[in-house]
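Report on one structure; see the data block that follows.
The values are calculated or read from the model by the stated rules, or taken from the named source; none is laboratory data. Everything quoted here is computed from the prediction, not taken from an experiment. Methodologically, a virtual Cβ is constructed for each residue, glycine included, from the backbone with ideal geometry; neighbour enumeration extends over all protein chains shown. Side chains included, ligands, DNA and RNA excluded: accessible areas come from the protein's heavy atoms. Shrake-Rupley method; radii C 1.70, N 1.55, O 1.52, S 1.80 Å.
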Amino acid sequence: CPPCVTELPVLLKLAEEYADRGVVLYAVNAGETPEEIQAFLLDKKWQLNTLLDPEGTINKQFGVDGIPMLLLIDRAGVVRKVEVGYHPDVEQVLRRELDALTAQTPAAPPESSGGGAASSGGGAASSGGGAASSGGGAASS
């Protein structure tokens, strides 16, 4: 999806910048073959952990209803924030979220809004663009 492609460079940049805090970026792809994904990543010169979800299991598990969709997941594996759709301020939103999550240990109640998300700790699941995750892992579809 075009918004996903627009968002991915921002997510890749942030994942690299926050890697020393344990941030990891994964993408979950539910539509393309491994060969199509590899060709796309080579063309873009991107290195991206990509999980295949041909049956849509991850999308169903996280209730994906639009793309890009990012789930912010903390160190304990608690979904802290859900963002749907691309927004031009995604980098600022993600920085704020990553700073907050990498600075704290206890999990707080989850939040929800639209745009982009990153994760500190457990991981992040994202449909469309991708997600930055500090600690556990992230998924994006």
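For Ala76 and Glu35, calculate 0.36 nm times their separation in residues minus their Cα-Cα distance, and state this gained length in nm to one decimal.
The Ala76-Glu35 span can extend by a further 11.4 nm.
Where Rh is the Kirkwood radius over the Cα pairs of the range 1-80, the temperature 20 °C and the viscosity 1.002 mPa s, what D in µm²/s does Stokes-Einstein return?
My calculation gives 155 µm²/s for D.
For labels at Asp43 and Cys1 in the simple 7 Å Cα→Cβ model, what's the distance in nm?
1.9 nm
Could you check the simple spin-label distance between Glu17 and Gln104, using points 7 Å along Cα→Cβ, in nm with one decimal?
So the label points at Glu17 and Gln104 sit 2.1 nm apart.
Tell me, what is the per residue accessible area of the range 1-51 in Å², probe radius 1.4 Å?
60 Å²
Rolling a 1.4 angstrom probe over the protein chains, ignoring ligands and nucleic acids, what is the accessible area of Leu51 in square angstrom, nearest 10?
70 Å²
Rank Glu32, Glu83 by accessible area, highest first, at a 1.4 Å probe radius?
So the residues, ranked largest to smallest area, are Glu32, Glu83.
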